[in-house]
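Here's the structure we're looking at; comments come further down.
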Amino acid sequence: MNYLKYFKYILLVPLVIGVAFFSFSLLSSLLNEPEILIVQKLNIQNEINKNKTQETNQNITNEPQLITNNFNYKLVGYRAGQNDSSIILKKGSNEFLVKIGENIDSYTLESVSTDEVVFSLQGNLYKIENKVGKNK
């Protein structure tokens, strides 16, 4: 008979502790008031105008600079087209084919024309003069 008494306590003690814990958490969540933040009206037209002026300012100041250092490649060929432009660069005895959007030494090829090749690195534009096929 004593075993049934201990067995009853073994089952009831964890049950009472669980009920007490969940009752306390329920009461604490009921007593906490929600934090209501003040929401301001958003003027979408002003935000659009700000973004447009920032983009135009970035475009004006982001003129391509001539690459002078840390670019040990020589331009040996190019294909300048509307859809599929690429260049061939040579470093030592190795040649690399780079298409628009691909990277070489962290430089991303942006555009290819008959006059210049434009790369970007960390938001800055750099250019290489295209002297391939020109007798200068």
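The values are calculated or read from the model by the stated rules, or taken from the named source; none is laboratory data. Quick caveat, the model's predicted, so the values are computed rather than measured. So basically every Cβ, Gly included, is an ideal-geometry build from the backbone, and we count neighbours across all protein chains shown.
Which ones in segment 92-101 are surrounded by 13 or more Cβ atoms within 10 Å (Cβ to Cβ) and more than 15 Å from ILE128 (Cα to Cα)? Lay out the reasoning, then the answer.
Within segment 92-101, the subset surrounded by 13 or more Cβ atoms within 10 Å (Cβ to Cβ) is 95-96, 98, 100.
GLU95, PHE96 - these are the residues of segment 92-101 that are surrounded by 13 or more Cβ atoms within 10 Å (Cβ to Cβ) and more than 15 Å from ILE128 (Cα to Cα).
From the list SER111, SER25, which one is under 30 Å from ILE128 (Cα atoms) and modelled with pLDDT of 80 or more? Working first, answer last.
Numbers: SER25 fails: under 30 Å from ILE128 (Cα atoms).
Matching residue, one of SER111, SER25: SER111.
ILE10 versus (1) at pLDDT 80 or above; (2) in contact with a strand residue (DSSP E or B) (Cβ under 8 Å, 6 or more places away or on another chain): which is the lone unmet condition?
If we test ILE10 against (1) at pLDDT 80 or above; (2) in contact with a strand residue (DSSP E or B) (Cβ under 8 Å, 6 or more places away or on another chain), just (2) comes out false.
Among what's in segment 105-116 and is surrounded by 15 or more Cβ atoms within 10 Å (Cβ to Cβ) and within 19 Å of the chain's Cα centre (by Cα), pick the residue that is farthest from ASN83 (Cα to Cα).
The extreme case among them is TYR107.
Filter segment 80-104 down to residues that are at pLDDT 85 or above and either out of contact with any strand residue (DSSP E or B) (no Cβ under 9 Å at 6 or more places or on another chain) or in a loop (DSSP other than H, G, I, E, B) (or both), then give me how many there are. Step through it out loud before you land on a result.
Just the residues of segment 80-104 that are at pLDDT 85 or above, to begin with: 85-104.
Restricting the remaining residues to those that are either out of contact with any strand residue (DSSP E or B) (no Cβ under 9 Å at 6 or more places or on another chain) or in a loop (DSSP other than H, G, I, E, B) (or both) gives 85, 92-94, 100-102.
Result for segment 80-104: 7.
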